[in-house]
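Report on the structure given below.
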Amino acid sequence: MSWTRGLLAALAVCALLGGPAGCGSGDAHERKDGVSASPVGELLDETDEAGRRYREIDEKGAPEVAIEVQPDADGGWDVRLTVQHFRFSPAGTRSKAVAGRGIALLYLDGRGIATLRTAEYHLPGDLVPRGTHQVTARLYADDHTVWAVDDEPVESTADITSSQASRTSQTTEPPETSMSTSGSEARTDTGGSPDPGGKAS
């Protein structure tokens, strides 16, 4: 009969903690590290260039990104992201969508060139051919779905103009680490995002 008393005592504690919800394992609501275990957003049929699905979330509290690109003294480009309602995940993070967390992928004219886990990146001048180009930062969840608001990816784009021809070919798969090179002389006409709010442009 002692197990019956124990069960009744446990049920009494559950009732004091708010009913059956107070006796859950915790994983269905929130883990001890403060990360929600519930699904985040709604997966859409739309995908990015690599086939990664959009993850639609409400505009209120959604991640935002702005990008600024400036030429540096070595002929490359300094890329700086400003994010809101978002934090970068370190390497080795579990592949799961968690609200307000993930990585940024950097694109040059629609081609992936880097995976960013920090807000700063050095874009080698050798990757930027002569002419005007678009550099885009897009935010992804840790499961590689695209954060999206109103069916549009959360991203920001800046235009850059290079006066030097490219000496190397561009990659199509974003590397996990930043690249560096001496680069060639380059100039810029614009240095900021035309859309600091992080909407698609």
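Among the residues of the range 130-154, those identified as free of Cβ contacts under 8 Å to residues at least 60 places away in the same chain and either over 16 Å from residue 40 (Cα atoms) or surrounded by 20 or more Cβ atoms within 10 Å (Cβ to Cβ) (or both) are 130, 131, 132, 133, 134, 152. Only a single criterion out of (1) more than 15 Å from residue 48 (Cβ to Cβ); (2) modelled with pLDDT of 95 or more; (3) more than 11 Å from the chain's Cα centre (by Cα); (4) surrounded by fewer than 20 Cβ atoms within 10 Å (Cβ to Cβ) is not satisfied by residue 164, namely (2).
The values are calculated or read from the model by the stated rules, or taken from the named source; none is laboratory data. Keep in mind it's a predicted model, so treat the numbers as computed, not measured. Glycine gets a Cβ as well: all are built from the backbone with ideal geometry, and neighbour counts include every protein chain shown.
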